[in-house]
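For reference, the structure discussed in these notes is given below.
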Amino acid sequence: MADKIKDAKIIFVVGGPGSGKGTQCEKIVEKYGYTHLSSGDLLRAEVASGSERGKQLQAIMQKGELVPLDTVLDMIKDAMIAKADVSKGFLIDGYPREVKQGEEFEKKIGKPCLLLYVDAKGDTMVKRLLKRGETSGRSDDNEETIKKRLDLYYKATEPVIAFYESRGIVRKVDSELAVDDVFAQVSQAIDAL
Ligand code: ADP
Ligand code: MG
C-alpha cells in the first residue's frame, strides 16, 4: 500500500489562511482528477465526530495553534492509503505548516513533485476570512483567532516555502487575482509536471 502512494504524484498546496487554497484545489480536482486532502478538513471531521481526540483538537484549533505533528500526519496518511488505488495524484492542502512537518511527511510517505504557493496579501486574507466566517461555521474564522493564525503562518509556514524553493519545486500563483485567473496560473504549473 505504501508503495502505491510512493509512485503517486504529490502536490503540497501552501498559503496563508484564506489565501484561496481550498478554492483552487476544488478546481484542480474538477480538471485533473486529483484527490484533495485538506489537513484542516480532516481535523474538523475528527472534531465533528465528537471523539475524545476531537475535543482536544478543537481546543487547539480554536486558539489558532498547530495540532501535534503526528496526529495530522497519521490522518493524511490514512486518507491517502484509502484512496491509493483510484487516485492520479494527491493535493495536500494546508500541510506542511512548518518545515519539520515537511521532513516527517517525506520520511513516512514520500516526496512532493510540486509546491503550489498560493500567495495573497495579509489584509486580503483577513477580509476573505471574515467574509467566510459569516457562513463557514468555523470557530477559528473570528478576528482574534485570524490574527494568531496569520502570525503563525508568517513565522512557521513561510520558511517551508524557502525550504522547497532551494529544491526548485515551488510555483507561486498570485491569489490577489480573480479565482479563474489564479487558476490559469495553477493550470500552467500542473501542466508543466
Ligand atoms: P484557504 O483554503 O486557503 O483558507 P479558501 O479557499 O477557503 O482559503 O478561501 C477563503 C475565502 O476567500 C473563501 O470565502 C473564498 O471564496 C474566497 N476566495 C478564495 N480565492 C479568492 C479569489 N481569488 N478572489 C476572491 N475571493 C477568493
Ligand atoms: Mg482551506
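Here are the numbers:
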{"read-out": "Filter result (of a type in the set (A, V, I, L, M, F, W, C) and either farther than 23 Å from residue 82 by Cβ or in contact with a strand residue (DSSP E or B) (Cβ under 7 Å, 6 or more places away or on another chain) (or both)) within region 32-60", "value": "37, 59, 60"}
{"read-out": "Residue check, residue 32 farther than 25 Å from residue 153 by Cβ and crowded, with 17+ Cβ neighbours inside 10 Å", "value": "yes"}
{"read-out": "Search result, residues across region 148-193 that are farther than 21 Å from residue 127 by Cβ and either part of a loop (DSSP other than H, G, I, E, B) or aromatic (Phe, Trp, Tyr) (or both)", "value": "163, 164, 166, 167, 168, 169, 192, 193"}
{"read-out": "Close pairs (8 angstrom Cβ cut-off, 6 or more residues apart or separate chains): on the phi < 0 side of the Ramachandran plot in region 16-33, part of a loop (DSSP other than H, G, I, E, B) and within 8 Å of ligand 1 (Cβ to nearest atom) anywhere", "value": "16/120; 19/120; 19/175; 21/94; 24/175"}
{"read-out": "Test: residue in region 83-104 that is of a type in the set (S, T, N, Q), touching a helix residue (DSSP H, G or I) at 6+ places or on another chain (Cβ under 9 Å) and part of a loop (DSSP other than H, G, I, E, B)", "value": "yes"}
{"read-out": "Whichever residue in region 68-106 is among the charged types (D, E, K, R) and in contact with a strand residue (DSSP E or B) (Cβ under 6 Å, 6 or more places away or on another chain) and, among such residues, is farthest from residue 160 (Cα to Cα)", "value": "83"}
{"read-out": "Selected residue [over 20 Å from residue 43 (Cβ atoms) and at pLDDT 95 or above] from 153, 95, 164", "value": "164"}
{"read-out": "Some residue of region 159-176 being within 14 Å of ligand 1 (Cβ to nearest atom), of a type in the set (Ser, Thr, Tyr) and out of contact with any strand residue (DSSP E or B) (no Cβ under 7 Å at 6 or more places or on another chain)", "value": "no"}
{"read-out": "Residues of region 109-132 satisfying the condition of being in a helix (DSSP H, G or I), out of contact with any helix residue (DSSP H, G or I) (no Cβ under 8 Å at 6 or more places or on another chain) and surrounded by 13 or more Cβ atoms within 10 Å (Cβ to Cβ)", "value": "124, 127, 128, 132"}
{"read-out": "Residue in region 126-139 that is hydroxyl-bearing (Ser, Thr, Tyr), within 16 Å of ligand 1 (Cβ to nearest atom), touching a residue at least 24 places away in the same chain (Cβ under 8 Å) and out of contact with any Phe, Trp or Tyr (no Cβ under 7 Å at 6 or more places or on another chain) present", "value": "yes"}
{"read-out": "Some residue of region 45-56 being within 16 Å of ligand 1 (Cβ to nearest atom), crowded, with 19+ Cβ neighbours inside 10 Å and hydrophobic (A, V, I, L, M, F, W, C)", "value": "no"}
{"read-out": "Test for residue 121: is it more than 16 Å from ligand 2 (Cβ to nearest atom), closer than 23 Å to residue 45 by Cα, modelled with pLDDT of 95 or more and in contact with an Asp or Glu (Cβ under 8 Å, 6 or more places away or on another chain)", "value": "no"}
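Rundown of residues vs (1) farther than 18 Å from residue 111 by Cβ; (2) out of contact with any Leu (no Cβ under 6 Å at 6 or more places or on another chain); (3) modelled with pLDDT under 95, yes/no style:
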position: 42; (1), (2), (3): yes, yes, no
position: 49; (1), (2), (3): yes, yes, no
position: 55; (1), (2), (3): yes, yes, no
position: 60; (1), (2), (3): yes, yes, no
position: 64; (1), (2), (3): yes, yes, no
position: 73; (1), (2), (3): no, yes, no
position: 81; (1), (2), (3): no, yes, yes
position: 87; (1), (2), (3): no, yes, yes
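The values are calculated or read from the model by the stated rules, or taken from the named source; none is laboratory data. For clarity, every value in this text was computed on a predicted model and none was experimentally measured. All Cβ positions, glycine included, derive from the backbone under ideal geometry; neighbour counts span all protein chains shown.
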